[in-house]
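Trainee: Have a look at the structure that comes next, please.
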Amino acid sequence: MNAIRFPLLLDFPDTLQTERLLLRLPCAGDGAMVHVAVAESITDLRRFLGAIPWVAEEPSEQASELFCRNGHANAAARKDFPFLLLDRASGAFVGVAGLHRPDWAVPKIEVGYWCRSSRTGHGLMTEAVRAVTAFAFEHLQVARVDLVADQENHGSRGVALRAGFTLEGTLRHDRRGPDGGLRNTCLYGQLAGERA
C-alpha cells in the first residue's frame with residue numbers, strides 16, 4: 001500500500017448499511033435531528049470533554065446544522081468523513097461514527113464516534129465502527145485506522161475491542177478532564193489485514 005497522492009480521486013458511496021443501521025453522510029437540514037440527540041446526551045458526552053472538545057459549547061440547532069453542512073463539504077474535500085447513524089427499522093437518529101484526521105502519506109485515519117444516551121448498550125456503536133472501519137480500508141485505501149479513548153471511558157474502550165482494534169499503548173496524563181484533573185488516553189489500532 002502506497003501514499004495516496006490525490007485523495008480527491010477516491011470514489012466512495014454516500015451511504016453504508018449494516019444489519020440494523022443506515023450510515024450516511026450528513027447534508028443540509030440534518031441539524032435539527034442531530035441537535036435533539038446532542039441535547040439529550042450532553043451530560044454523558046461531557047464526561048470525556050478532553051476527547052471530544054466540541055461538547056464544551058452549549059448545544060444549539062444552528063451548531064448542529066453547521067456540523068452537518070461542514071461534514072458534507074469536508075467529505076467532498078476528502079478531509080473528514082462523518083456518518084450519521086439511523087436506525088433502519090424506525091429511521092431514528094442514533095449517533096455519529098466518522099473518520100477523521102486523514103494522513104494520506106501513510107495512509108491512515110482515525111475513527112471517532114458517539115451514541116445518543118437513549119440508544120447505548122445495544123451494540124449499535126460496535127456495528128457502526130466496524131462499518132466505517134471497513135469503509136476506510138475498502139474505499140479510502142488506508143493501511144491503518146487509529147482509535148483513541150479516555151482510559152476511563154469503558155464503553156468506548158469496549159467498542160474498540162469488539163470492533164477488532166488492538167490496544168497499542170496508553171498516554172499518561174496527556175489531557176485534562178472536565179474537572180481539571182489529568183487523564184490518560186488509550187491508543188488502539190487496526191491494520192488492513194486484521195479486520196474483525
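Trainee: May I ask you to say which residue of 136, 89 is closer than 28 Å to residue 9 by Cβ, in contact (Cβ under 8 Å) with a residue 24 or more places away in the chain and either in contact with a Leu (Cβ under 6 Å, 6 or more places away or on another chain) or open to solvent by 30 Å² or more (accessible area, probe 1.4 Å) (or both)?
Mentor: Details: 89 fails: closer than 28 Å to residue 9 by Cβ.
Checking each option against the conditions leaves just 136.
Trainee: Also: Examine the range 162-183 for a residue that is among the polar types (S, T, N, Q) and part of a helix (DSSP H, G or I), and state whether such a residue exists.
Mentor: Within the range 162-183, none of the residues are among the polar types (S, T, N, Q) and part of a helix (DSSP H, G or I).
Trainee: Given the conditions (1) open to solvent by 50 Å² or more (accessible area, probe 1.4 Å); (2) more than 16 Å from the chain's Cα centre (by Cα); (3) without any contact (Cβ under 8 Å) to a residue 40 or more places away in the chain, and given that residue 184 satisfies all but one, which numbered condition is not satisfied?
Mentor: Result: residue 184 passes all but (1).
Trainee: Sticking with this structure for a sec: For the range 8-29: of the residues being out of contact with any strand residue (DSSP E or B) (no Cβ under 6 Å at 6 or more places or on another chain) and over 18 Å from residue 133 (Cβ atoms), which is surrounded by the fewest Cβ atoms within 10 Å (Cβ to Cβ)?
Mentor: Top of the filtered list is 11.
Trainee: Among 65, 57, which is among the acidic types (Asp, Glu) and open to solvent by 60 Å² or more (accessible area, probe 1.4 Å)?
Mentor: Only one candidate passes the filter, namely 57.
Trainee: Follow-up. Residues in the range 114-133 that are on the phi > 0 side of the Ramachandran plot and either open to solvent by less than 30 Å² (accessible area, probe 1.4 Å) or at pLDDT below 95 (or both): how many?
Mentor: So the answer is 1.
Trainee: Something else about it: When you go through 70, 74 one by one, which is the residue that is open to solvent by 80 Å² or more (accessible area, probe 1.4 Å) and touching a Pro at 6+ places or on another chain (Cβ under 9 Å)?
Mentor: So the residue among 70, 74 that is open to solvent by 80 Å² or more (accessible area, probe 1.4 Å) and touching a Pro at 6+ places or on another chain (Cβ under 9 Å) is 70.
Trainee: Follow-up. Please enumerate the residues belonging to the range 122-146 that are of a type in the set (S, T, N, Q), in a helix (DSSP H, G or I) and under 16 Å from residue 80 (Cα atoms). Before the answer, list the steps.
Mentor: So the first thing to find is which residues in the range 122-146 are of a type in the set (S, T, N, Q), and the list is 126, 133, 141.
Restricting the remaining residues to those that are in a helix (DSSP H, G or I) gives 126, 133.
133 - this is the single residue of the range 122-146 that is of a type in the set (S, T, N, Q), in a helix (DSSP H, G or I) and under 16 Å from residue 80 (Cα atoms).
Trainee: A follow-up question, please. When residues of the range 152-161 are filtered for being open to solvent by less than 20 Å² (accessible area, probe 1.4 Å) and not small (Gly, Ala, Ser), how many remain?
Mentor: Of the residues in the range 152-161, 1 are open to solvent by less than 20 Å² (accessible area, probe 1.4 Å) and not small (Gly, Ala, Ser).
Trainee: On to the next question. Please verify whether the range 143-151 includes one or more residues that are open to solvent by less than 20 Å² (accessible area, probe 1.4 Å), free of Cβ contacts under 8 Å to residues at least 60 places away in the same chain and not polar (S, T, N, Q).
Mentor: Yes, the range 143-151 has at least one match.
Trainee: Could we say that residue 130 is free of Cβ contacts under 8 Å to residues at least 60 places away in the same chain and farther than 18 Å from residue 2 by Cα here?
Mentor: Spelling it out, it is not the case that residue 130 is free of Cβ contacts under 8 Å to residues at least 60 places away in the same chain and farther than 18 Å from residue 2 by Cα.
Trainee: Can I ask one more? Only one of 177, 189 is open to solvent by less than 20 Å² (accessible area, probe 1.4 Å), at pLDDT 95 or above and over 19 Å from residue 14 (Cα atoms). Can you tell me which?
Mentor: Just a single option satisfies the conditions, and that option is 189.
Trainee: Which residues, taken from the range 162-173, are surrounded by 14 or more Cβ atoms within 10 Å (Cβ to Cβ) and over 17 Å from residue 96 (Cα atoms)?
Mentor: Applying the first criterion (surrounded by 14 or more Cβ atoms within 10 Å (Cβ to Cβ)) to the range 162-173 yields 162-165, 167.
Across the range 162-173, the qualifying residues are 162, 164, 165, 167.
Trainee: Does the range 55-77 contain at least one residue that is of a type in the set (Lys, Arg) and more than 28 Å from residue 108 (Cβ to Cβ)?
Mentor: Checked the range 55-77: no residue is of a type in the set (Lys, Arg) and more than 28 Å from residue 108 (Cβ to Cβ).
The values are calculated or read from the model by the stated rules, or taken from the named source; none is laboratory data. Because the structure is a prediction, the values reported are computed rather than measured. A quick note on method: Cβ atoms are made from the backbone with ideal geometry, for glycine too, and the neighbour counts reach across all protein chains shown. Remember, those area values only see protein heavy atoms, side chains included, never the ligands or the DNA or RNA. Shrake-Rupley method; radii C 1.70, N 1.55, O 1.52, S 1.80 Å.
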